[in-house]
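Take a look at the structure below.
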Amino acid sequence: MPKPVSSYSFHKSERLCSKKLIEALFGGGHKSMSAYPLRAVFMTVEDAVGEDEAPVASAAPVPSVQVLISVSKRHFKHAVDRNRVKRQLREAYRLNKHLLLDKIGEGSHVVVAFIWLSDEHFKSSVLHAKMRKLLLRIGEEH
RNA sequence: GCAGUCGUCCGGCUUGUCGCUGGCCUGUUCCGCACCUCUGGCGGGGAACGGGCGAGAGGAAAGUCCGGGCAACACAGGACAUCCCGCUUCCUAACGGGAAGAAGGUCGUGAGACUUAGUCAGUGUAGAAGAAAACAACCGCCCCAGCCCUUCCCCUUAGGAUGGAUCGGGGUAAGGGUGAGAAGGUGAGGCAAGAGCUCACCAGGCGCACGGUGACGUGCGUGCUGUACACUCCGGGAGUUGAAAGUUCGCGUAAACCGGCGUUAUCAGGGCUGUCCGUCCGAGCCGGAGGGUAGAACGAUGUGAUACGCGUGGCAACACGGGUCGUGAAGCGGAUGGUGACAUCCGUUCUGGAUAAAUGACAGGCACUCCUUACGCUUUGUCUUGGGAGUACAGAACCCGGCUUACAGGACGGCUGCAGUC
RNA sequence: UGGGCUAUGGUGUAAUGGUAACACUGCAGAUUCUGGUCCUGCCUUUCCUGGUUCGAGUCCGGGUAGCCCAA
């Protein structure tokens, strides 16, 4: 089911949109770690293939990692600045996600939320390094 | 040339690699359906993963300050309340918007900028200061009468004259240190003392005539005249909510439990905001505790770019309108009303736009602005080459018209001031 | 995104358009042998900026910051 590692695409299905999953992630049972200016909150979910997924299993395979990116209005007042940071983070994840995908086994997937902590902008090269560090650690601990 | 002012417009371009959103075309695999037929063929549909093509933020997308479209509130209406607007004319679907204009004030040498307002009929209020905030009273001034005193006339009394004190009656919008404001201001006459009481000039109001569509202006007449605010009055206008509106599909408890009101009625409750009336709906409604769901679609985004000349507006930059040719591209095209969002109808077709929220990330080049130790010179420059730094304000969330606020840099035209040359 | 509200000493709150008030805290002084209590005094550009007004914390524009509500 996992796609080839060489793909750098980032589809809608890889984004975390389900309200239930988001509430479960922040409600409890999560682990977190931070590499300033980032903080990652993540959780492993067992795939419920057995019961209700069976009739439509062929329709929508769930990717092994789903990601949420959050930049609070408290850190950047203007929408332009928030969009800038989100785009940087999205690119950082997109180009480095294979580091995590290689570590995920069959039958479960990982839900991650990246939360921005700083009040200032960073260079993209710095963010790429931090993202790589976080993804490797998540791969070890999930 | 420098500085300024008003108006209008623009607000980066490009290459490479990797991506995002949705559209069209297409390939592979899988799914289920219909038909012909029977290990298959074929048609349209769905899902996953690919390929190709072209598209994808603003002048303010922002603030949410006005106005409109759109949607819901079953549906007529009336009275009162409440709220908004307020120089004139025009533009406009509408507006607290715009254009032109009139009167006053402030700032600027100037071009210009900013700003004010219906009423003057009525009612109320005006801290502190001040005699008093317009009713009156007080100090002061003046007149009249009484009584007392002084001096003079007189032989004396009485009486008369002059001056003073006091009490009583009256006249006093001049004067009384204040104050934003003191009976419109200044001057003269007049008076017992004073006063638009009278006169001249000035400011304003009212009436008439003339000019102007009008705000107003000019002339004549008229003694009509304190300031500010609120209420009142006059004219015009406003139903409320706000796309998380609303419509549809799906999932799920539950025709469950407790309390109150009501059940064909002078009737609980509800309905276009507040109150009242009227009218309509009406068999359920309100509260409590506990529980279920919290997904999807529609609403919702299409109406071209460029070039050319034409018309209208403008001094112009430019804007708007409909038209034509060529090129690229192709789902919209036409009619009526509207600037437009939109509404109605016809034909043809299914269309760009997300929803934890796309329109990008990284690297290079160009352009522009600023800085500069360096380089070059028939030219010594606001020059050339090189190096460095910077490139604003800011991101659609139903749509449209305005306003306000933010903004690196640039373009065009009108006008003003200063300096210089002829 | 769409609605709505607030801003006053360090903190919590008052204030008809007319001298910005009260309580607590802090600091200084006085009292005491010393400390506390008590007493006296001090600490404010009423968020910023224009306007209306003789006069604005209050009324009216425009900004800034913070908060609340609506699946």
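Read-outs throughout are calculated quantities, based only on the coordinates presented, and are distinct from any laboratory measurement. Just so it is clear, the model here is predicted, and its values are computed rather than measured. Cβ placement follows ideal geometry from the backbone for every residue including glycine, while neighbour counts extend to all protein chains displayed.
Points worth noting:
- Here r is the Cβ-Cβ distance between A:Ser34 and A:His11 and R0 is 22 Å; the resulting FRET efficiency, rounded to 0.05, is 0.20.
- Annotation: peptides A:91-98, A:31-38, A:66-73, ranked by per-residue average of other Cβ atoms within 10 Å with the highest first, follow the order A:91-98, A:66-73, A:31-38.
- Entries in A:Lys73/A:Lys97; A:Lys31/A:Lys86; A:Lys31/A:Lys123; A:Lys97/A:Lys133; A:Lys31/A:Lys103; A:Lys31/A:Lys77 that, when Cα-Cα distance is taken, lie over 20 Å: A:Lys73/A:Lys97; A:Lys31/A:Lys86; A:Lys31/A:Lys123; A:Lys31/A:Lys77
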